[in-house]
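Heads up: the structure comes next, in C-alpha cells.
The values are calculated or read from the model by the stated rules, or taken from the named source; none is laboratory data. Here the structure is a predicted model, which is why all the values come from computation and not from measurement. Don't worry about glycine lacking a Cβ; one is built from the backbone with ideal geometry, like all the others, and counts go over all protein chains shown. When the accessible area is computed, the model is the full protein with side chains, heavy atoms only, and any ligands, DNA or RNA have been set aside. Shrake-Rupley method; radii C 1.70, N 1.55, O 1.52, S 1.80 Å.
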Amino acid sequence: MGERVVLHYFNGRGKMESIRWLLTVAEVEFDEKFLDTREEYLKLVNDGKLMFQQVPLVEIDGMKLVQTKAILNYLAEKYNMHGKDLKDRVMINMYSEGLMDLMEMIMVLPFNPDPTAKLEEIEKKAKERYFPVFEKALTGPVYLVGGKLSLADVLLVECTLMLEEKCVGILKDFSAVKSFQGRMIQIPAINRFLQPGSKRKP
C-alpha cells in the first residue's frame, strides 16, 4: 500500500476541485492540507515544493506535481481514464481543455466588477459554443470517447453541475447532456461526493 495522495490548496473549489473530482471517481483516498495563511504558502515556496510558485500541488507516487492540466493528465493515465490510444487521448484532451476554459470563466466570476453581465455572457457561450459540442457527441454514446469513462466525462459532469448552480435550467435544450449528467451522478463514488460532508467544496 503506497502513501496516501496529499493535496495542497486553499479551502475552496478553485483549480483543485477538478482534481478532487477525478480522484473521487477513481476511488482514490486523499488527504488535504489547506493553506490558511500566506506563511504556509511561502513555506511551500521556500521548501522548493512549488515549481512555478503556484498551487495546486499534489503529492503522489513520490512526486510533487503542479500545473492543473499536467496533474489531471497524470491521474487520468494512472487510473485508466485517458483512452486506449493516442487518438482517444487527443479527443479527451480537446474536450477536457474546452471544459476547463468554461469552468475557469465561472471561477473568476466573483472577481468581476459586473458579475451579472459576465454571467449572462458565460451562459450564452455555454449554450452556443460548448454544450452543442457535447450534445452531439452524446447523442447515442454513453461516454464521450471510446465507450468508456474518461477524464472528459468527469469534467463534463462537474461543469454541468457548476453551471446549474448559477444558471438554473441551462440544460433544458440539451437532453443528451442532461441524461448523461443523470447517469453520472448515479455512479456510487460520484453520488457520495455530492452528499453533504464529502470533500466536495461549497
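Structural remarks
- Taken over the stretch 33-49, the criterion of being closer than 26 Å to residue 162 by Cβ and not in a helix (DSSP H, G or I) is satisfied by 33, 34, 35, 36.
- In the set (1) part of a helix (DSSP H, G or I); (2) in contact (Cβ under 8 Å) with a residue 40 or more places away in the chain; (3) within 21 Å of residue 25 (Cα to Cα); (4) not assigned by the TED database to the domain that holds residue 16, the condition left unmet by residue 76 is number (4).
- Scanning the stretch 103-114 for residues that are open to solvent by less than 60 Å² (accessible area, probe 1.4 Å), free of Cβ contacts under 8 Å to residues at least 60 places away in the same chain and either in the same structural domain as residue 71 (by the TED database) or assigned to a helix (DSSP H, G or I) (or both) yields 105, 109.
- Hey, residue 30 under 21 Å from residue 162 (Cα atoms) and either open to solvent by 40 Å² or more (accessible area, probe 1.4 Å) or in contact with a strand residue (DSSP E or B) (Cβ under 6 Å, 6 or more places away or on another chain) (or both) or not: no
- The lone exception for residue 121 - which of (1) more than 28 Å from residue 186 (Cα to Cα); (2) part of a loop (DSSP other than H, G, I, E, B) it fails: (2)
- Within the stretch 168-202, the residues that satisfy the criterion of being open to solvent by less than 10 Å² (accessible area, probe 1.4 Å) and outside any helix (DSSP H, G or I) are 170, 171.
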